[in-house]
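Working notes for the structure below.
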Amino acid sequence: MDAIRILGAGPAGSAAAIAALSESAAVRLFEKSTFPHHKVCGEFLSPGASRILEALGVWQDFLGLGPARICRFVLHLGPRAKRWTLPECAFGLSRYQFDRLLFDRAVRLGAEVDREPGAVQRLLRGHGGAPVVIATGRNAVAQRGNRLFGFKAHFEGPANDAVELFFFEDCYVGVSAVENGITNVCGIAPESTLRRFNFQPDELLDRWRPLRERLGPLTRSMRWLTTGPLVFSRSGYDRPQSTVYPAGDALGFVDPFTGTGMFNALLTGRMAGLAATRQAPSQAYVRQCARLLEAPFRMAALFRTALRWGWVGPLAHCIPGSWLFRLTRAAEADPLWP
Ligand SMILES: Cc1cc2nc3c(=O)[nH]c(=O)nc-3n(C[C@H](O)[C@H](O)[C@H](O)COP(=O)(O)OP(=O)(O)OC[C@H]3O[C@@H](n4cnc5c(N)ncnc54)[C@H](O)[C@@H]3O)c2cc1C
């Protein structure tokens, strides 16, 4: 059988590579960047990720990196806050460590890495029917105008076991711990707002009192990173070619406040690696992914609409927090899938 081509070595691509390699398939992994590197991300890893990391054989190595345990949720909507305990603790680990962990594992298992510029574009044009996993991340194009951008930095100072989400104006910001007592501060804002602050969000965050109080004891320890424009999208692969398996953000980019993007990438990446190895029909694979990921995409869209209409505050204060959390999680695949 031809080597499986995996385009992109983020969480989805590396998970696909590990899954395929552990079924004794040969893997060529195409990646343009080198690891480790920082990435704009809230670095909040949904609790269910532990089961996928275990299936990928990296759970003990993951724990060895000392991820923060995140057991509480605080939702700040305007001046009010809603607090609850998570049904199961989540994790905080920097992308600097997480992406490297998965990539190194794939390489150790025998993935051949190809960094030739243009190779991905060539493979996307034609690959002679060989199985291809597309894991190159977000791909939707934003219209000019009111585009959204993401930003992130790490802070030093007292860390705790809560993830706090602050919604204000047209922005939101998440604050939660990662390894080594570091705190991740990551948010999304309209481009026009960030431009007013020269893409240096300190002053923007300082204007919102609950956030100012939360960040007061902390000191920023790295420069702000930004990314965008961000377009939330569901799968654009309704009818994929028979041997093409899109995974992770390439399959659909969910609004990051759900904190499920990495979980979805691990889940669909692993499934894509297995499906490609077994040459399962890709339409069945995409349909299965759509079923598993339905809840976070539906809830994110509902939440955005409610936010626009000013209903989020009243609604969120009526619904138990643990429901809100559960309703934004993807279902977990049968471990023997496909
Ligand atoms: C602001 C923000 C905050 C977020 N916060 C969270 C959070 O707290 N928790 C969470 O779970 N998710 C979060 N996410 C989502 C999460 O970052 C993504 O869902 C996750 O990175 C998807 O993984 P992936 O492997 O599909 O894509 P990526 O991580 O984007 O990896 C794609 C890889 O493909 C490579 N690549 C791309 N194009 C090419 C090419 N042409 N040739 C070769 N290589 C290529 C890239 O270099 C990259 O390594 C957040 C996202 C944003 C924007």
Go through region 248-263 and give me each residue that's in a helix (DSSP H, G or I) and either open to solvent by 10 Å² or more (accessible area, probe 1.4 Å) or of a type in the set (A, V, I, L, M, F, W, C) (or both).
-> D249, A250, P256, F257, G261, M262, F263
Among the candidates R298, R308, which residue alone is at pLDDT 80 or above and basic (K, R)?
-> R298
Residue count, region 247-273, condition of a type outside the set (G, A, S), touching a Phe, Trp or Tyr at 6+ places or on another chain (Cβ under 7 Å) and modelled with pLDDT of 95 or more, comes to 1
Checklist (1) within 26 Å of A9 (Cβ to Cβ); (2) touching a helix residue (DSSP H, G or I) at 6+ places or on another chain (Cβ under 9 Å) applied to G126, failing item = (2)
Tell me, which residue of region 32-72 that is assigned to a strand (DSSP E or B) and open to solvent by less than 20 Å² (accessible area, probe 1.4 Å) is nearest to the ligand (Cβ to nearest atom)?
-> L45
Name the residues in region 271-297 that are part of a loop (DSSP other than H, G, I, E, B) and open to solvent by 40 Å² or more (accessible area, probe 1.4 Å), would you?
-> Q279, P281
Starting from residues that are open to solvent by 60 Å² or more (accessible area, probe 1.4 Å) and near the ligand (Cβ under 8 Å from one of its atoms), keep the ones in region 118-140 and report whichever is modelled with the highest pLDDT.
-> T136
Look through F149, F166 and report the one residue that is in contact with a Ser or Thr (Cβ under 9 Å, 6 or more places away or on another chain) and in contact (Cβ under 8 Å) with a residue 40 or more places away in the chain.
-> F149
Kindly list the number of the only condition in (1) open to solvent by 10 Å² or more (accessible area, probe 1.4 Å); (2) within 16 Å of the ligand (Cβ to nearest atom); (3) more than 29 Å from E169 (Cβ to Cβ) that fails for A26.
-> (2)
When you scan region 154-176, how many residues do you find that are within 19 Å of the chain's Cα centre (by Cα) and either away from the ligand (no atom under 12 Å from the Cβ) or of a type in the set (D, E) (or both)?
-> 4
Search region 105-124 for residues that are among the acidic types (D, E) and pair each with any residue that is within 8 Å of the ligand (Cβ to nearest atom) and not in a helix (DSSP H, G or I) when their beta-carbon atoms are under 8 Å apart and the residues are at least 6 apart or on different chains.
-> D114/F30; D114/E31; E116/F30
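The values are calculated or read from the model by the stated rules, or taken from the named source; none is laboratory data. Everything numeric here is computed off the predicted structure, so don't read it as measured data. With ideal geometry, Cβ positions are generated from the backbone for all residues, glycine too; neighbour counts draw on all protein chains shown. These area figures cover heavy atoms from the full protein model, side chains too; ligands, DNA and RNA do not enter into them. Shrake-Rupley method; radii C 1.70, N 1.55, O 1.52, S 1.80 Å.
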